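Right, one structure below, let's go through it.
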Amino acid sequence: MQNDTPRTNFQNSSSESNIVKPLGDPNCPHCGGIGYVRYDVPLGHEKFGKIESCVCRAKDMADGARSRLFALSNLDRLSHLRFENFKASGNEKAKFMTPQEKENLHKAFEACEEFSRLLAGWVLLEGGYGCGKTHLAAAIANDAVSRGVPTLFITVPDLLDSLRFAYADPETTFEQRFDEIRSADLLILDDFGTQNATAWAQEKLFQIINYRYINKLATVITTNLMLDEIEGRIRSRLQDDEFVKYVKISAPDYRRPEETSNPGISMLSLPEMKAMTFEKFQMREDEIGKEAITTTITEKQDKFGNKYKDKEITRVKVTKEDVKTLHEAFGAAAHFAEEPHGWLVLLGQSFCGKTHLASAIGNYRIGLGGQALLVEVSALLDYLRQTFRPSSEVPFDRRFHEIRTTPLLILDDLKESGASSVWAEDKLYSVLNYRYNAHLPTVITSTMRADAFALSYSNLWNKLLDPTMSQILVIDMPPYRRVMKANRPSPHKKK
């Protein structure tokens, strides 16, 4: 290495204001205190004609870079977010937080703590608003800064603004700012996906992420997007399982503990549904031989083609065969709960025990640390429609994806075709068809008879007839609640 840069000629002056402090070490054998060197290399070499900082300034340069990164990070306002005060079990006031959501949050905490110790590879934190992503990311940043690691913690919109402002910054150039960001020892990109997705922004983000991916630089990304919503080139790198630790946080919003978790419509968190377990299910054998009143509602047409509902009240006597259908449904539900594969369809009139068995399946899976979503079909469709409101924080595509890919979906009270709009029925069929083709465990309850089900959902029904994929059971029992009410003794009658 040769220093071809001429030394600065200092003029003698008695005034201290004219004394120029050397940038480098005056005793440096390479630069002699100037602080810059020029390499003696042949024409065509990448360093030919370039002036670079001398090695004697390495510490000062590193300190300066660390200070600039810290200033960009604004970590002062996030200095309170540390691992020590992160509540890995969630908000203790959370009303609907399930055991698996608590376990999921604790695993996310452990994964981030481990990454903070090693600072190797990448971590992708995905989750809804207020689930703890930013706290964990800031805790990693604060821990790294305390150890002297050059760290940049920044939201993606702020990062892009910082690059734009660098074009007009007199103290730096765009190239210098861009290089400092992409080569930081630790880069934490918060709120990935909230940026203005211009072509320029997408390209700069890709360049940063691709550079860090190629050079294996420690990186943390937080997002509330699904992987499918992320630009293809970036998504491809984030899906490298050997290099990227993907942590999906399902915990509810810590700031709103009274609300249900995401997707937030499961009825299994309600007290009445929690009580519906296999242990509390009654086989109703004591009703054999007793008379019960049933009400059948059918839709008819008058001579003018107008539809109307007609009620028909009948008296039936409960037989052993009727109770046997309940036993068979119970056995099938219990087996499904142990090994949820394929589909289980429970048909029968209202209050015959279908919803209890469906809830028992969901409660059993949750008790084992699994995931289950039980929702009434009409409520599910309303829930999807709400995403089109201007006040909705989550787009339709995300909600739709969450529902159709949930590990165990239990749809209660599927009604005949025509009960909802064409849009609603189309979305419902899309959910069911996707889950069937993806072999995702699904439970359906309905008051429809088998022939009505086949007419309303012929394509789905034909698939459900495959015994290797699904099981259809009909509970031929009168309403449970009405039977119990009819058999209640009169207060004036002696026992």
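Read the figures in this text as sums done on the coordinates, not as results from a lab. Computed from a predicted model, the values in this text were never measured in an experiment. Counting neighbours? That spans all protein chains shown, and the Cβs are built from the backbone with ideal geometry, glycine included.
In a fully extended conformation the segment linking Asp310 and His335 would gain 5.2 nm over its present Cα-Cα distance, using 0.36 nm per residue.
Using C-alpha pairs below 8 Å separated by at least 6 residues, the relative contact order for the range 217-369 is 21 percent.
Go through Lys427/Lys463; Lys415/Lys463; Lys133/Lys427; Lys107/Lys245 and tell me which ones have a Cα-Cα distance over 23 Å in this structure. The pairs that break the limit, which is 23 Å between Cα atoms, are Lys133/Lys427.
Electrostatic bookkeeping for Leu238 treats Lys and Arg as +1 and Asp and Glu as -1; over the other residues with beta carbon under 13 Å from its beta carbon, the sum is -1. Per-residue Cβ neighbour counts within 10 Å put His30, His341 in the sequence His341, His30, beginning with the fewest. Separation of the range 85-163 and the range 164-232, taken as the distance between their Cα centroids, equals 18 angstrom.
The GluC sites (Glu not before Pro) found in the range 191-255 that occupy coil by DSSP, while having at most 10 further C-beta atoms within 10 Å, are Glu242.
When you count the other C-beta atoms within 10 angstrom of each residue and take the mean per peptide, 458-468, 375-385, 182-192 line up highest first as 182-192, 375-385, 458-468. Summarising the overall dimensions of the range 309-423 from its C-alpha atoms, the Rg and Dmax are 17.4, 55 angstrom. Within the range 267-482, the proportion of Cα pairs with more than 24 Å between them is 46 percent. Given a Förster distance of 41 angstrom, what is the FRET efficiency for Lys274 paired with Ser146, based on the Cβ-Cβ distance and rounded to 0.05? The pair Lys274/Ser146 has a calculated efficiency of 0.40.
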